[in-house]
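A.B. asks: Just dropping this structure here.
The values are calculated or read from the model by the stated rules, or taken from the named source; none is laboratory data. Since this is a predicted model, take the numbers as computed values, not measurements. Counting neighbours? That spans all protein chains shown, and the Cβs are built from the backbone with ideal geometry, glycine included. Ligands, DNA and RNA are stripped out before the accessible areas are found, and what is left, the full protein with its side chains, is counted by its heavy atoms. Shrake-Rupley method; radii C 1.70, N 1.55, O 1.52, S 1.80 Å.
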Amino acid sequence: MEQRHLGRTGLRVSRIGLGTLTWGRSADGPDEAGAAEQLKTFWNAGGTLVDTADVYGGGEAEYLLGQLVGGLVPRRELVIATKAGGVADPDRRFDGSRGHLLAALDDSLARLGTDYVDLWQLHAFDPATPLEETLQALDLAVSSGRARYAGVSEFSGWQLAKAATWQLAASGAGRTRLASTQMEYSLLQRGVEREVLPAALDLGVGLLPSSPLGRGVLTGKYRDGVPADSRGASPTMGAFVEPYLDEAAGRIVDAVRTAAQGLAVTPLQVALAWVRDRPGVAAPVVGARTAAQLAEALSVEALSLPEEIRRALDDVSAPVHRYPDQDWSTL
């Protein structure tokens, strides 16, 4: 699999990443044997980037990954990315305080069974904590060797620009530049193109798209209803899928299916190839229930969309961006 630099750093990652959001969830994710099969399939295909978080499965996703790394796949051949900041508090979803973040990193390392993570990400912006305090946790993690690179997740455009600029302003004073930002991005969700992606491109931050298949909807499996064995039918994941089952999404899914038929490939491959090759994208992060599903996603490595199909998909999924994103004189 092709390797790409993550942002304007020396870190190289496979251009498809493996997501572990549902690992450790007994009803919706793979068991240990299924997770092992996924990781082996991913590694055999040349995949390196494995993304997790301290809150996935209440910590079980990290623990499960830690049980597999070393014995199944050499640690040095993976780029392990995790996140911190999410908390199980109904009054405060995220805690970006330095104390919480550094304690969470130590807990993550213990569950993962490793001395360091390759990429440590802030899970979201915490408005209750000064940003400079939150970012100092990243600096301390990198300077102590517990993290090799740092990134953010779910930061809006102004939040990303402020954080990345703060780190660059005094990079010689022990601040570590942001390597990445992780955001939802697909043909069904192009909101990052408004401000986040321009900021990332300008500041040298690589984009890691989550849900690149529109929460599974772009595979086409929901076009004629919700399959009983799908995430859309799951009590815990159904609400996650439902927003993309409307008429507007259906038109985009139909366009993807038409393109797939013309290319003799699957809708999954078309949708994934589209987002993988967008400007600024380093590696879409793909989650799967089975190794067979993952293998289909990984087979996109050989596919590059023809320009006319890419333009057609751009047009059918184009978000409405007017003032101030366009020059006022063109409105």
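A.B. asks: Of all the residues that make up the stretch 219-277, how many are open to solvent by 50 Å² or more (accessible area, probe 1.4 Å), at positive phi and touching a helix residue (DSSP H, G or I) at 6+ places or on another chain (Cβ under 8 Å)?
C.D. replies: 0
A.B. asks: So residue 207 passes all but one of these: (1) outside any helix (DSSP H, G or I); (2) exposed (fewer than 14 other Cβ atoms within 10 Å of the Cβ). Which condition number does it fail?
C.D. replies: (2)
A.B. asks: Moving to a separate point now. What are the residues in the stretch 6-52 that are under 15 Å from residue 64 (Cβ atoms), open to solvent by 30 Å² or more (accessible area, probe 1.4 Å) and in contact with a Leu (Cβ under 8 Å, 6 or more places away or on another chain), if any?
C.D. replies: Matches in the stretch 6-52: 24, 32, 40.
A.B. asks: Hey, can you tell me all the residues within the stretch 66-86 that are part of a loop (DSSP other than H, G, I, E, B), modelled with pLDDT of 95 or more and either closer than 18 Å to residue 297 by Cβ or small (Gly, Ala, Ser) (or both)?
C.D. replies: Of everything in the stretch 66-86, those that are part of a loop (DSSP other than H, G, I, E, B), modelled with pLDDT of 95 or more and either closer than 18 Å to residue 297 by Cβ or small (Gly, Ala, Ser) (or both) turn out to be 78, 85.
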